[in-house]
């Protein structure tokens with residue numbers, strides 16, 4: 001498969017967003033959509049937002065807003081309109097009739113960027129599969145020739161039929177297109193399944209080695225951080241989805257210890273689900289890692305919302321019980337460090353670093369080394385007797401030495417492997433650590449409890 005060219009290269013674009021009840025004013029959506037358009041190569045010339053309680057089934061936005069959009073397209077000389085929403089083929093067709101301009105929705109724009117940045121055969125196959133899965137249910141309304149009966153003329157291009165066995169009534173072009181797309185999807189799935197198997201064998205073969213994986217919102221600085229920690233020369237660019245391919249490098253943790261550090265594709269708000277599925281092989285590193293470093297762009301005003309987005313994707317991948325260290329990156333870009341303190345009030349165990357200047361990287365290495373050594377934690381904690389799920393968790397994963405009951409509280413002395421430290425923090429607010437054999441462990445657990453209480 002040849003590398004795809006940018007669909008929106010150097011085109012003038014108008015951005016459109018529909019804001020429903022209880023949503024923000026569209027500014028935050030436009031900020032990210034504009035960055036996506038810039039990454040794809042477009043120049044944003046105008047932005048339109050409409051507040052509307054319901055989606056218009058014909059045009060997504062209201063008919064009056066469509067007419068306003070048409071005037072904006074004409075006055076700005078726009079070549080392209082990008083919606084910050086997913087549209088149906090019928091809606092795209094109806095809007096294009098009115099505005100006489102090409103229309104893309106959010107998923108199409110992201111797919112276009114992925115296609116442009118795919119470098120390896122694996123990444124290209126993943127992108128092509130995602131594109132076909134996006135296209136298949138939309139075939140009904142995508143082409144103008146669908147009602148034409150094929151079979152009488154022949155032709156050699158994809159989607160055409162002819163020759164022996166196809167003369168006569170033939171089959172509808174839609175059926176031909178669907179059959180070809182299904183075949184391509186099946187072929188790509190088989191190829192990616194083989195890649196998945198090789199990837200899983202490769203990842204599982206590292207069982208004796210400590211593995212760490214960088215995850216985070218796109219453009220959070222994961223590749224820069226990887227370069228700073230490992231001395232690697234990973235490609236870095238100030239654009240969304242600058243790299244789609246996983247890279248693994250050796251990370252020196254000090255004291256004669258080493259870890260394998262891997263980068264992953266960045267996440268984004270409303271990332272199309274078929275893209276997550278297609279890139280599952282790439283995300284195997286996160287699924288099987290011993291430790292995740294959740295890299296956050298602390299200089300981004302939407303950092304908290306981006307953290308929520310990444311956590312949701314990690315949950316979808318089944319990584320909610322992984323040990324995770326939140327890394328507040330790019331603090332060198334902040335004029336006022338007070339913004340970092342605000343984030344740390346919500347994430348007290350987070351480490352503030354600058355991958356570019358090196359600030360805080362020694363503390364990050366120490367934290368990773370602590371997880372590597374996996375000390376057995378001897379804890380004395382108080383748990384509410386009504387915390388049934390937490391008590392069940394401790395009974396399964398901890399060695400309980402003694403339990404004393406006082407009023408509605410249970411005071412427990414136990415030993416817990418550091419492997420279960422991260423999962424235990426999901427019960428933040430239901431326990432309090434009274435004593436611990438490791439001060440850092442106590443701080444991590446109690447910080448999580450404080451976060452839940454605050």
Which one of 418, 448, 443 is modelled with pLDDT under 85, more than 19 Å from residue 311 (Cβ to Cβ), outside the structural domain of residue 351 (by TED's automatic domain parsing) and crowded, with 18+ Cβ neighbours inside 10 Å? 418
The one condition residue 441 fails out of (1) more than 26 Å from the chain's Cα centre (by Cα); (2) farther than 30 Å from residue 300 by Cα; (3) in a helix (DSSP H, G or I) is (2)
Has the range 75-87 got at least one residue that is buried (at least 18 other Cβ atoms within 10 Å of the Cβ) and assigned to a helix (DSSP H, G or I)? no
Which residue is modelled with the lowest pLDDT, if the candidates are limited to the range 371-398 and must be closer than 18 Å to residue 442 by Cβ and loosely packed, with under 14 Cβ neighbours inside 10 Å? 376
Considering residues that are under 12 Å from residue 19 (Cβ atoms) and in contact with a strand residue (DSSP E or B) (Cβ under 8 Å, 6 or more places away or on another chain), the number found within the range 48-64 is 7
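The values are calculated or read from the model by the stated rules, or taken from the named source; none is laboratory data. What you see is a predicted model; the values in this text were computed from it and never measured. Cβ sites come from the backbone with ideal geometry, for glycine too, and all protein chains shown count toward neighbours.
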